[in-house]
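Engineer: Handing you this structure, nothing more for now.
The values are calculated or read from the model by the stated rules, or taken from the named source; none is laboratory data. Since we're looking at a predicted model, the values are computed, not measured. With ideal geometry, Cβ positions are generated from the backbone for all residues, glycine too; neighbour counts draw on all protein chains shown.
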Amino acid sequence: MNFLPRLKSPSDLSRMSTEELESLSSEIREFLIEKVSKSGGHLGPNLGIVELTIAIHRTFHSPHDVIVFDTGHQSYVHKILTGRASGFERLRQRGGVSGYPNRRESEHDVIENSHASTALSWADGIARGFVVQGIKDRCVVAVVGDGALTGGMSWEALNNIAAAKNLPLVVVINDNERSYSPTIGGVATYLSTLRATKGYERFLDWGKGVLERTPVVGHPIYETLHGMKKGIKDIVAPQGMFEDLGLKYIG
């Protein structure tokens with residue numbers, strides 16, 4: 001069954017099962033490969049953000065909740081989910097969809113951007129606007145790549161966000177280790193300590209397998225250790241920088 005042609009708005013995602021969402025993800029990737037290979041555009045970054053974008057649109061309610069993408073080149077999936085798939089026939093051409101967020105295209109594109117490290121400042125300003133107006137039922141979600149997070153403008157915004165209290169703002173770090181050039185510097189090094197290594201994941205899978213095969217006590221022990229995993233991960237990969245800024249870090 002093809003789900004993409006029937007997708008008209010993000011609200012349709014809430015009615016789909018996990019299996020259907022997985023099928024939709026595959027359809028979106030095939031769609032992107034077909035369309036971008038004809039017209040050009042940012043293929044790799046968007047292939048890697050399919051599930052993340054679906055999860056965000058399932059959790060939040062665009063355009064009531066504002067979703068912004070740093071640099072904007074990773075917004076293709078967002079455009080597809082917000083009813084603009086037909087515009088990809090002429091991607092980045094007259095009469096088609098833009099390669100970046102465009103307010104004239106859709107109410108789901110609240111900002112227009114094409115430079116790195118700007119999204120957090122946008123998100124901070126929009127969230128503060130909600131607070132000033134007394135709006136309590138709207139949220140801002142900023143998706144930022146690891147490359148953009150090395151820019152000074154991102155850290156200026158984080159400094160302001162950390163000083164504010166109770167901003168309706170969620171920052172998602174898309175730490176895919178991919179950028180136009182290798183990310184270097186202290187921030188890039190710090191982010192690398194937050195990544196779960198393949199060895200760490202293999203160890204967890206091995207331990208789970210052993211315990212699940214152990215009669216009677218194996219499963220209860222696994223459940224207990226699974227609950228302790230976050231604490232163990234914090235020891236292996238301390239997350240102090242974001243917490244020290246006053247930002248609640250989950251990951």
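Engineer: If you take just the helices (runs of 4 or more DSSP H) that sit entirely in region 15-106, which of them hold at least 2 residues that are over 25 Å from V140 (Cα atoms) and out of contact with any Pro (no Cβ under 9 Å at 6 or more places or on another chain)?
Structural biologist: By residue number, 18-39.
Engineer: Next up: Mind checking which residues of region 17-61 are of a type in the set (K, R) and at pLDDT 95 or above?
Structural biologist: Within region 17-61, R29, K35, R58 qualify.
Engineer: Being under 22 Å from P168 (Cα atoms) and in contact (Cβ under 8 Å) with a residue 40 or more places away in the chain, is that true of even one residue in region 34-52?
Structural biologist: Yes, there is a match, as at least one residue in region 34-52 is under 22 Å from P168 (Cα atoms) and in contact (Cβ under 8 Å) with a residue 40 or more places away in the chain.
Engineer: Please specify each residue of region 68-105 satisfying the condition of being hydrophobic (A, V, I, L, M, F, W, C) and closer than 21 Å to G125 by Cα.
Structural biologist: Of everything in region 68-105, those that are hydrophobic (A, V, I, L, M, F, W, C) and closer than 21 Å to G125 by Cα turn out to be V68, F69.
Engineer: Return the residues of region 107-154 that are assigned to a strand (DSSP E or B) and β-branched (V, I, T); say none if nothing qualifies.
Structural biologist: V140, V141, V143, V144
Engineer: Considering only residues that are of a type in the set (G, A, S) and without any contact (Cβ under 8 Å) to a residue 24 or more places away in the chain, look in region 128-162 and name the one that is farthest from T118 (Cα to Cα). Explain how you work it out, then say what you get.
Structural biologist: Step one: list which residues in region 128-162 are of a type in the set (G, A, S), which gives 129, 134, 142, 145, 147-148, 151-152, 154, 157, 162.
Next, only the ones that are without any contact (Cβ under 8 Å) to a residue 24 or more places away in the chain stay: 129, 134.
Values: G129: 17, G134: 25 Å.
Here the residue is G134.
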